[in-house]
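Every number here is computed from the coordinates shown, using simple stated rules; none is lab data. Treat the numbers as computed from the prediction; the structure is a model and nothing was measured. Cβ placement follows ideal geometry from the backbone for every residue including glycine, while neighbour counts extend to all protein chains displayed.
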Amino acid sequence: MSQIITFSVDKEFAGRLDGIIQQTGYKNRSLFLRDASIHFADFSIRGDLESVDENRQVDGTAIVYFQHHVEHKLAELRHSDKFQITSYHHNCLATSHTCVDTMQVSGEAGSIRDMIKDLRNINDVDKVEFILAPFRDSGCC
């Protein structure tokens with residue numbers, strides 16, 4: 001059963017919030033605020049790669065958009081002994097005329113930060129994102 005929770009905001013904020021909700025395609029404020037709250041809490045608890053101690057072992061997903069002719073440079077990084085690539089997928093995106101690689105990466109946070117920095121400094125690498133996996137003491141794997 002749903003529980004109603006209310007809060008007050010000024011008119012300017014409400015207008016900006018409604019604009020963001022419309023731009024993101026949500027049908028109502030409740031669903032948007034639910035998802036935004038979950039995302040914010042997850043980020044606040046987990047942090048991002050930049051905030052993790054450099055020696056901590058982490059897992060995550062690297063997403064790299066690039067032009068095809070630099071693929072050999074990405075291959076060199078994938079074969080580094082500083083971190084482990086446990087899964088790799090390459091795809092060519094016809095509409096945007098770009099390639100995308102997704103990689104499951106495990107290693108020390110500092111080494112992965114260096115990898116991300118190196119990727120971002122390669123000409124014709126268009127965008128690099130890293131999604132840090134949640135930290136848990138136990139679970140499915």
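For the chain, the longest principal axis of the C-alpha atoms and the axis of helix 11-24 are separated by about 50°. Axis of helix 29-46 versus longest Cα principal axis of the chain: the two differ by about 50°, to the nearest ten degrees. Distant-in-sequence amide contacts of GLY60, defined by a placed amide H-H separation under 5 Å and a gap of 5 or more residues or a different chain, comprise VAL105, ALA133.
The stretch 1-22 and the stretch 75-136 have Cα centres spaced 37 Å apart.
Each of GLN57 and LEU33 was given a label point 7 Å from its Cα along the Cα-to-Cβ line. The distance between the two points is 4.2 nm.
A simple spin-label model places the labels of LEU17 and ALA94 4.4 nm from each other, with each point 7 Å out along Cα-to-Cβ. Using the average count of surrounding beta-carbon atoms within 10 Å as a protection proxy, the listed peptides 22-30, 124-132 rank, highest first, as 124-132, 22-30. Close amide-amide hydrogen proximity is noted between ASP126 and TYR65, PHE66, GLN67, each under 5 Å apart and 5 or more residues distant or on a separate chain (H modeled in the peptide plane; Pro and chain starts excluded). Overall dimensions of the stretch 22-100, expressed as equivalent-ellipsoid semi-axes from the Cα gyration tensor (√(5λ), whole Å, largest first), are 31, 23, 9. Model label sites at ALA133 and TYR65, defined 7 Å from Cα along the beta-carbon direction, differ in position by 2.6 nm. The lysines within cross-link reach of LYS117, meaning a Cα-to-Cα straight distance under 21 Å and a gap of 8 or more places when in the same chain, are LYS73, LYS82, LYS127.
Entry for the chain at q = 0.20 Å⁻¹: log10 I(q)/I(0) = -1.14, Debye formula applied to identical alpha-carbon scatterers, no solvent contribution. Rounded to the nearest 10 degrees, the inclination of helix 109-120 to the longest alpha-carbon principal axis of the chain is 80 degrees. 3J(HN,Hα) along the stretch 90-97: 10, 8, 9, 9, 5, 5, 9, 6 Hz, from the Karplus curve 6.51 cos²θ - 1.76 cosθ + 1.60 with θ = phi - 60°, whole Hz, x for Gly and Pro.
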